Structure formats: structure tokens, C-alpha cells
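Student: Pasting in a structure now, in C-alpha cells, and then I'll have a few things to ask.
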Amino acid sequence: MQGLLGDAWPLLEAALQSSPPVSIRFNPSKAVDRVYWPEVSASVPWHPDGHYLKQRPVFTLDPMLHAGAYYVQEASSMFVYEALRQHRPEGPLRVLDLCAAPGGKSTLLAAMLGPDDLLLSNEVIRQRTGPLRENLERWGISNLAVANADSEDFTALEGYFDVILTDAPCSGEGLFRKDPDAIKEWSLPNVELCAGRQRRILAAAVQALKPGGLLLYSTCTYNAMEDEDNAHWLQTQFDLQALTIQTPPEWGIEGNGANGYHFYPHKLAGEGFYLAAFRKAAGEIPKRNTPAHFAKLKALPKAQLAQLPPVFRDSSALNFYLTPTEEIIALPKHLETDFLILDKVLKNKWFGVLAGTFKGRDFIPAHGLAMSLEISAALPALELSREDALRFLKKETFDLPSGAANGWTLARFAGLNLGWMKVLPNRMNNYLPQERRIRMEI
């Protein structure tokens, strides 16, 4: 770093001794009144929904976080927004977040996509897919697939994706201030290992990218081996054009299109980050056959479809399927061809919105339905105080308002759904999934 920064090295060294800034990014589809916001100090320059906070609150004890109103994301990494905004391909997009867990950049991408676009969030490490699915479920979108696959599995989808984000596993030099454990894990052999692994991942990404498509490559590290050297390697090995991203000088971002863009903590309010953008050369788009049916999903039987209560805002726009475990999922009809294509290639995957299950003739709604933007606005709901919202999230008992109607009811805070309750004559059953329960004292 001394060699890289020269006279600026003492400035970075001093910055690393200070506390890192805290930033969040709001979900534009779950907007709430500012009175419910954490206390913000300034806006993130390169993202319209990004904000710095005056201090770090206890996020676990904020019902807005559990409702999906915002995501706690490091400010520098929000620059993905500006890269995609400036170089977004035309038409409905098929977007792959190749190294997605825990979901920060996936939720950022999701907020930029329209209903005709499709987002596939992938994580190679199986145990990290749980938090990824949870964060995306909170965000509420239905034009979504989550997968647990190796990057090379996507070569079977040659030329399929319009946009691929590869936020590759790296040596983590940009996280030293935020995560001291990253310092202990650093070594030159690990840097070399990461650089080689990144090239393997990138090679697969280029193959899966559509001609004319956009490739975004990012790391949270500083060294040239994982950053500029890999950017140059991409341009020499593949027919890719490096793209310039317009960055006002006051943003404090260093770099250019050919070498990528660096974020240094002594020059801006954010952690260490690197991003480079590339356009794949135009060419012939590979033809592919669409499978006739899903491998393991079965269409919801007509009898159960008729019994499905009106829990969706527009069920006519959805197709319903049963998983092997008898869970009902809802898929946007106009994206079904894409889901069929992904289903053929990917072994471990989850599609659309988890709607619920049937027990006999009774429909048991899923937590994913409560979080979804597809849910009907006409369903019974109870607006809770902050204290009762936290009690609900801790699965503790609390007094319901008088006159609460019996039956399935949504627990809400600030107008946003937190989950399901079933109100009975003498009590309330809390259907918040056990793994979502707050285990921190209020």
C-alpha cells in the first residue's frame, strides 16, 4: 500500500484508525414516513436511496429492518448502482449476481429492475444461501431465483444473461478497518489464490454473458493482482471492452475505465472497494430449447387452486406450483420460460414467492407471502406499536387491540408487514418462523 499510494499512505493509515461510516440503503418499494427512519446524517453520493447514519443503532431491534424497508450496506459497494445506471443494456434484462451472499448487491439490483426483468442470485457456499434467501425474501420481489451453484455450472447457460455482477471472493484488504479478522487471514499466498480463483469465476461469467451484455467485476481489496491485473486479463483473453463510468471529482473515486475504479477510505466516506465494467462484443445469441415442464415442481391441483384464498393482489398474473415438500410457490406467468430454462441447468434453486401450504382444506400462509410485494392490500392487518412489533418479532405475548377480528391477520409496523398472526377467541398464535425470531433483549 505504501508503494501504491506513495505520499498518500499516511492519510490512509490515519483513516484506518477511525471508525468506519455506517450506511443503509432504503427499499423504494417499501417506503415509509421519515419519522420511522434511523437518524441519517448525509446521502451517499452515488446512490439515490443510500444514506449515512449519525451513529450505528442496534439494527436487530428495528422492526423496519425486519420488514425489508432497508438494507445495511457499506456505502462504497453501492457504486454498483451507478455502473449499471450508466451502462444498462436495453430491453427486459436477465441479471445474474454470481457471488451474491449475503444479498446486499442483489437487493440493490432488485430495486433497479422492473417486473419484466429477472434476477438470479447465486451463492456457491451452501450454508450462506439461507441468509441470502432471507434477505431477498424481505425485499419482496417475485421475479427472482436463488441458486446454490458453482460458477462453472453457468457455462451451460451460454450467452443467456444481459448483466452479470461478479463480486468475487477476495483477500479483503478493504475490510481491515471494519473486520479485524480479515487482517489475520491475509497473506501473499492467499492473494495469489484469490486472484486465480477470481479468473476461474470470471471466465465462466463471460461465457454465460449475452453478446452485448454488461459484466461488472468488483472486489473489496486494493492490490493490483486481484484488481487491475484481472481487469487487463479479461480484456486480453476475451472480446470485452472496458467501460468508463462518469464520476464527479467531488466523489473522491480514483481510476478510469481501462483500470477500474478504486475507493479509498481517506478520500471518501466508505470502505475499500474496486469495480470495473466491461461490454461483451456483439455477436450471435445462442439458441436454446425451453423444457416442457419443471423437473420437480408440479402444477397446483385444480381443487387446491380453487381453495386458494384471495391473498395475492393479482393471482391471474401468477402460476402456482407444488414443491416436493408440498409447499406452494407462485411464479410470474410472463417469466415462466426463464424459470424453466434455469430449472434445467441448476440443481439447487428456489423460485418466485413461497405462498404457503395446505393442511387438509386449510391454507397456511407462508412468511414469504407476508413479505412479498405480490400480497393483497385488502387482507386483515393490525398496526403495532414499536414495542408490540418487537414483542411479535421476539415471539412474545402481547395484548391485541380490542375488536381484532378472528383469523389470519398480518402484523404490521409503519404500514409494512412483519409476518402472520392467527387471532383466536382467547389468544393469538404467532406464525413468525422460529429462525427469524429476535433473540436479543429489548
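Student: Quick check on E152: is it among the acidic types (D, E), at negative phi and modelled with pLDDT under 95?
Tutor: No; evaluated as a whole, the condition is false for this residue.
Student: List the number of the failed condition for V95; all other conditions in (1) in contact with a helix residue (DSSP H, G or I) (Cβ under 7 Å, 6 or more places away or on another chain); (2) not in a strand (DSSP E or B) hold.
Tutor: Among (1) in contact with a helix residue (DSSP H, G or I) (Cβ under 7 Å, 6 or more places away or on another chain); (2) not in a strand (DSSP E or B), the lone unmet condition for V95 is (2).
Student: Tell me which residues, restricted to the range 366-416, are assigned to a loop (DSSP other than H, G, I, E, B) and within 20 Å of R436 (Cα to Cα). Don't jump to the end; show me each part of the working.
Tutor: Going residue by residue through the range 366-416, those that are assigned to a loop (DSSP other than H, G, I, E, B) are 366, 372-374, 376-380, 384-385, 394-406, 414-415.
Once the filter is applied, which keeps residues that are assigned to a loop (DSSP other than H, G, I, E, B) and within 20 Å of R436 (Cα to Cα), the range 366-416 yields A366, S372, L373, L384, S385, K394, K395, E396, T397, F398, A414, G415.
Each row is one residue, and each column tells you yes or no for (1) of a type in the set (D, E); (2) over 29 Å from G68 (Cβ atoms); (3) assigned to a helix (DSSP H, G or I).
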| position | (1), (2), (3) |
| --- | --- |
| L136 | no, no, yes |
| V146 | no, no, no |
| E152 | yes, yes, yes |
| G159 | no, yes, no |
| L165 | no, no, no |
| I183 | no, yes, yes |
| V191 | no, yes, yes |
| L215 | no, no, no |
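Student: Among the candidates Q241, Q207, single out the residue that is in contact (Cβ under 8 Å) with a residue 24 or more places away in the chain and surrounded by fewer than 16 Cβ atoms within 10 Å (Cβ to Cβ).
Tutor: Q241
Student: Quick one: is K344 of a type in the set (D, E, K, R) and part of a loop (DSSP other than H, G, I, E, B)?
Tutor: It is false that K344 is of a type in the set (D, E, K, R) and part of a loop (DSSP other than H, G, I, E, B).
Student: Let me ask another. Has the range 306-314 got any residue that is of a type outside the set (A, V, I, L, M) and assigned to a helix (DSSP H, G or I)? Don't jump to the end; show me each part of the working.
Tutor: Taking the range 306-314 and keeping what is of a type outside the set (A, V, I, L, M), we get 307, 309-310, 312-314.
Next cut, assigned to a helix (DSSP H, G or I) only: 307.
Yes.
Student: Oh, and also: Go through E271, E254 for me and flag whichever is in the same structural domain as S151 (by TED's automatic domain parsing), buried (at least 20 other Cβ atoms within 10 Å of the Cβ) and charged (D, E, K, R). Talk me through it step by step, then tell me what you get.
Tutor: Working: E254 fails: buried (at least 20 other Cβ atoms within 10 Å of the Cβ).
Being in the same structural domain as S151 (by TED's automatic domain parsing), buried (at least 20 other Cβ atoms within 10 Å of the Cβ) and charged (D, E, K, R) holds for just one of E271, E254, which is E271.
Student: When you look at A292, is it surrounded by fewer than 16 Cβ atoms within 10 Å (Cβ to Cβ) and touching a helix residue (DSSP H, G or I) at 6+ places or on another chain (Cβ under 9 Å), yes or no?
Tutor: When the stated conditions are applied, A292 passes them.
Student: Next question, about the same structure. Do you know which of the residues in the range 120-137 that are of a type outside the set (D, E, K, R) and surrounded by fewer than 17 Cβ atoms within 10 Å (Cβ to Cβ) is nearest to R25 (Cα to Cα)?
Tutor: P131
Student: Same structure again: Search the range 57-86 for residues being of a type in the set (V, I, T) and over 13 Å from the mean Cα position of the chain (by Cα), and hand back the single one that is surrounded by the most Cβ atoms within 10 Å (Cβ to Cβ).
Tutor: So the residue we want is T60.
Student: Could I ask something else about it? Give the number of residues within the range 232-286 that are in a loop (DSSP other than H, G, I, E, B), polar (S, T, N, Q) and farther than 20 Å from C170 by Cβ. Step through it out loud before you land on a result.
Tutor: Taking the range 232-286 as the starting set, the residues that turn out to be in a loop (DSSP other than H, G, I, E, B) are 238-239, 243-248, 252-253, 257-259, 264-272, 281-286.
Narrowing the set further to residues that are polar (S, T, N, Q) leaves 244, 246-247, 259.
Those still in the list that are farther than 20 Å from C170 by Cβ too: 244, 246-247.
Qualifying residue count, the range 232-286: 3.
Student: Report yes if some residue within the range 108-129 is polar (S, T, N, Q), part of a strand (DSSP E or B) and outside the structural domain of M371 (by TED's automatic domain parsing); otherwise report no.
Tutor: Let us first name the residues in the range 108-129 that are polar (S, T, N, Q), namely 121-122, 127, 129.
From what's left, part of a strand (DSSP E or B): 121-122.
Within this subset, residues satisfying the condition of being outside the structural domain of M371 (by TED's automatic domain parsing) are 121-122.
Within the range 108-129, one or more residues are polar (S, T, N, Q), part of a strand (DSSP E or B) and outside the structural domain of M371 (by TED's automatic domain parsing).
Student: Out of everything in the range 138-164 that is farther than 20 Å from G368 by Cα and among the charged types (D, E, K, R), what residue ends up being surrounded by the most Cβ atoms within 10 Å (Cβ to Cβ)?
Tutor: The initial filter retains those residues of the range 138-164 that are farther than 20 Å from G368 by Cα, namely 149-164.
In the following step, the residues that additionally are among the charged types (D, E, K, R) were identified as 150, 152-153, 158, 162.
Details: D150: 12, E152: 14, D153: 18, E158: 14, D162: 21.
That would be D162.
Student: Return yes when L202 is of a type in the set (A, V, I, L, M, F, W, C) and within 21 Å of the chain's Cα centre (by Cα) and no when it is not. Give the derivation first.
Tutor: Numbers: of a type in the set (A, V, I, L, M, F, W, C): yes; within 21 Å of the chain's Cα centre (by Cα): yes.
Yes; evaluated as a whole, the condition is true for this residue.
Student: Can you tell me which residue in the range 3-41 is modelled with the highest pLDDT, limited to those that are of a type outside the set (G, A, S) and surrounded by fewer than 11 Cβ atoms within 10 Å (Cβ to Cβ)?
Tutor: P28
Student: Scan the range 351-402 for residues that are exposed (fewer than 13 other Cβ atoms within 10 Å of the Cβ), closer than 21 Å to K30 by Cβ and not hydroxyl-bearing (S, T, Y) and report the count.
Tutor: 2
Student: Quick check, is T290 touching a Leu at 6+ places or on another chain (Cβ under 8 Å) and in a loop (DSSP other than H, G, I, E, B)? Before the answer, list the steps.
Tutor: On the way: touching a Leu at 6+ places or on another chain (Cβ under 8 Å): yes; in a loop (DSSP other than H, G, I, E, B): yes.
So T290 fits the description; yes.
The values are calculated or read from the model by the stated rules, or taken from the named source; none is laboratory data. None of the values given here were measured: they were computed from a predicted structure. Here Cβ is always computed from backbone atoms with ideal geometry, including for glycine, and neighbour counts include all displayed protein chains.
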